[in-house]
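For reference, the structure discussed in these notes is given below.
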Ligand code: F6R
């Protein structure tokens, strides 16, 4: 795993935006399709803002790019303000130039959920898989909505949210009772099939989960630790989220050496 520790959340967003920007432009140049995996929540908002700005001011185009989101709540219609369909439209899709039909989220409204989960896996496979997956991390170490105890071999499926996740997300709802209890989420195996993965985390509240993800034993009790099995993961964190990592000095040295080689 590459661990990049930056001073603040703005730098975390900038680093992730540069990575996405580079990949989008490279693929456009060689006219190859690109599939991005996207996350919702508070963490990637700065990234989406930067991508929208670069589209407006710097010629970054998303034509030919397809996206698959990690998850969607069950029980909210797509036009509900707290649905992830709404979030993505509002935070990114409406600001840039994706082709019509290029943005995919799991269907959870008025449909057969197990069929929907299978269709989502099929759709990802038909596009040749995800090239770059953006992830956040829950305070309990979930990725997507793969909560504690999720099988490391799991595929897109229905998952019950933990109380902690519902409490964490209650800030977006009038009360915790309004937070859905279930979601359809890509599985851990689905996520691990992405070509590369960028996990973003900011704030002291994520420190324990980040430490478990990067340095803990691989365990279904800390779903993000499964990322240690993937050969191309970059964990981008601010100093608060890095505060429980044991090997900070080594990660920083590695980044310095890398920068001196690239220069
Ligand atoms: C969202 C998702 C979740 C979030 C995680 C962190 O699509 O899959 O795993 O990334 O809950 O959320 P924030 O960024 O709000 O702390």
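Worth a mention:
- For residue 80, the conditions (1) outside any strand (DSSP E or B); (2) within 12 Å of the ligand (Cβ to nearest atom) all hold with the exception of (2).
- Just one of the listed residues (130, 137) is in contact with a helix residue (DSSP H, G or I) (Cβ under 9 Å, 6 or more places away or on another chain), away from the ligand (no atom under 13 Å from the Cβ) and under 28 Å from residue 209 (Cβ atoms), namely 130.
- Here residue 111 fulfils each of the conditions (1) in contact with a helix residue (DSSP H, G or I) (Cβ under 8 Å, 6 or more places away or on another chain); (2) in a loop (DSSP other than H, G, I, E, B); (3) farther than 23 Å from residue 19 by Cβ apart from (1).
- Options 207, 211, 183: the member that is at pLDDT 95 or above, surrounded by 14 or more Cβ atoms within 10 Å (Cβ to Cβ) and either touching a strand residue (DSSP E or B) at 6+ places or on another chain (Cβ under 7 Å) or closer than 26 Å to residue 119 by Cβ (or both): 183
- Qualifying residue in region 94-102 (condition: buried (at least 23 other Cβ atoms within 10 Å of the Cβ) and more than 10 Å from the ligand (Cβ to nearest atom)): no
- Out of 165, 202, one residue alone is near the ligand (Cβ under 9 Å from one of its atoms), surrounded by fewer than 24 Cβ atoms within 10 Å (Cβ to Cβ) and either touching a residue at least 24 places away in the same chain (Cβ under 8 Å) or within 25 Å of residue 231 (Cβ to Cβ) (or both). It is 165.
- Residue-level check: of (1) away from the ligand (no atom under 12 Å from the Cβ); (2) in contact (Cβ under 8 Å) with a residue 12 or more places away in the chain; (3) within 24 Å of residue 201 (Cα to Cα), residue 90 misses just (2).
- Qualifying residue in region 67-74 (condition: more than 16 Å from the ligand (Cβ to nearest atom), in contact (Cβ under 8 Å) with a residue 24 or more places away in the chain and closer than 25 Å to residue 190 by Cα): no
- Any hit, region 148-160, residues being farther than 22 Å from residue 234 by Cβ, touching a residue at least 60 places away in the same chain (Cβ under 8 Å), within 11 Å of the ligand (Cβ to nearest atom) and touching a helix residue (DSSP H, G or I) at 6+ places or on another chain (Cβ under 7 Å): no
The values are calculated or read from the model by the stated rules, or taken from the named source; none is laboratory data. Fair warning: this is a prediction, and the values are worked out from it, not measured in the lab. Here the Cβ is made from the backbone with ideal geometry for all residues, glycine too, and neighbour counts use every protein chain on show.
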